[in-house]
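I have placed the structure first, in the form of structure tokens, so that the comments after it can refer back to it.
The values are calculated or read from the model by the stated rules, or taken from the named source; none is laboratory data. This is a predicted model, so every value here is computed, not measured. Cβ: placed from backbone, ideal geometry, glycine included. Neighbour counts: every protein chain shown. The accessibility values were calculated without ligands, DNA or RNA, using every heavy atom of the protein model including side chains. Shrake-Rupley method; radii C 1.70, N 1.55, O 1.52, S 1.80 Å.
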Amino acid sequence: MAIAPQVHRFYRAEKPELTEHVRLMYPAYACEFSGEESVDEAVTRYRMLGLTDLDRAPVPFLRMRFANTRTRGRSTNKGRGLTDPQRLLGELRAIEGGAGSFVEFENRHGTVWRVEWHGAWYLAEWTTQNGAPREIGIEELIQFAVARLHE
């Protein structure tokens with residue numbers, strides 16, 4: 001992966017004239033970037049990844065939004081925001097028992113799924129907002145979400 005100067009900002013204090021000419025390179029997993037990130041999202045991703053840990057596991061690209069009627073937790077932004085997979089898995093589990101609760105998540109390909117709680121978990125592809133929801137158990141749902149993020 002190549003990191004642009006607007007993202008890494010190396011040398012900005014000691015040699016600011018050099019910063020714009022430096023591209024950082026490091027090993028990354030294909031599932032970690034969409035290629036469509038804004039500069040702000042690229043900065044967020046850069047900060048989320050442990051670039052100096054060459055033995056790290058993948059941290060898949062993930063945008064998510066949610067609202068939990070039971071816990072009253074919810075996303076604070078209008079759209080889906082970048083987060084880590086552990087947050088997604090936690091929120092999927094947490095909507096149990098919260099009528100009308102939902103979690104939307106998007107992978108690096110821009111495919112979106114929506115999970116709602118209506119006495120059980122219901123999953124639908126949401127990219128076109130016409131996917132037919134199907135009931136799914138929590139363990140199958142977790143496996144499904146993890147697999148979609150690593151595509």
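So how far apart, in nm, are the two label points at Q86 and D40 if each is 7 Å from Cα heading toward Cβ?
Between Q86 and D40, the label points sit 2.6 nm apart.
I'd like the Karplus ³J(HN,Hα) series for segment 57-71: coefficients 6.51, -1.76, 1.60, θ = phi - 60°, whole numbers in Hz, and an x wherever there's a Gly or Pro.
Per-residue couplings from phi come out as 7, x, 10, x, 4, 7, 10, 8, 9, 7, 8, 10, 6, 7, 8 Hz.
In sequence order, what are the phi-derived ³J(HN,Hα) couplings for segment 111-120 according to the Karplus relation 6.51 cos²θ - 1.76 cosθ + 1.60 with θ = phi - 60°, rounded to whole Hz, with x for glycine and proline?
Karplus-based 3J(HN,Hα) across segment 111-120 equals 7, 10, 10, 10, 10, 10, 9, 9, x, 6 Hz.
What angle, in degrees between 0 and 90 and rounded to the nearest 10, separates the Cα long axis of helix 138-149 from the longest principal axis of the Cα atoms of the chain?
Approximately 30 degrees, to the nearest ten.
With charges only on Cβ, +1 for K and R and -1 for D and E, what is the dipole size of the chain about its Cα centre, in debye, rounded to 20?
Dipole about the Cα centre, nearest 20: 440 debye.
Between helix 39-48 and the chain, what is the angle of the helix's C-alpha long axis to the longest principal axis, kept within 0 to 90° and rounded to the nearest 10?
80
Give me the angle, in degrees from 0 to 90, between the Cα long axis of helix 85-94 and the longest principal axis of the Cα atoms of the chain, rounded to the nearest 10.
20
Assign one of three labels to segment 52-110, namely rounded, prolate or oblate, based on the Cα gyration tensor with a ≥ b ≥ c the square roots of its eigenvalues; rounded applies when a/c is under 1.5, prolate when it is not and a/b is larger than b/c, and oblate otherwise.
Prolate, because a/c is 1.5 or more and a/b exceeds b/c.
Over segment 45-128, give the accessible area per residue in Å² for a 1.4 Å probe, as an integer.
Roughly 51 Å² per residue, with all protein chains present.
Go through W117, T71, S101 and say which Cα lies farthest out towards the positive end of the charge dipole of the chain; charges sit on Cβ, +1 for Lys and Arg, -1 for Asp and Glu.
T71
Work from the charge dipole of the chain (Cβ charges, +1 for Lys and Arg, -1 for Asp and Glu, about the Cα centre) and give the residue of A42, V59, P27 farthest towards its positive end.
Selected residue: A42.
Suppose accessible area is computed on protein heavy atoms with a 1.4 Å probe; arrange S101, S38, S75 from highest to lowest.
Sorted by accessible area, descending: S38, S75, S101.
In percent, what relative contact order does the chain have, based on Cα pairs under 8 Å that are 6 or more apart in sequence?
Once normalised by length, the contact order is 17 percent.
Counting only protein heavy atoms and using a 1.4 Å probe, what share of the accessible area of the chain belongs to carbon plus sulfur, as a whole percent?
Carbon and sulfur together cover 50 percent of it.
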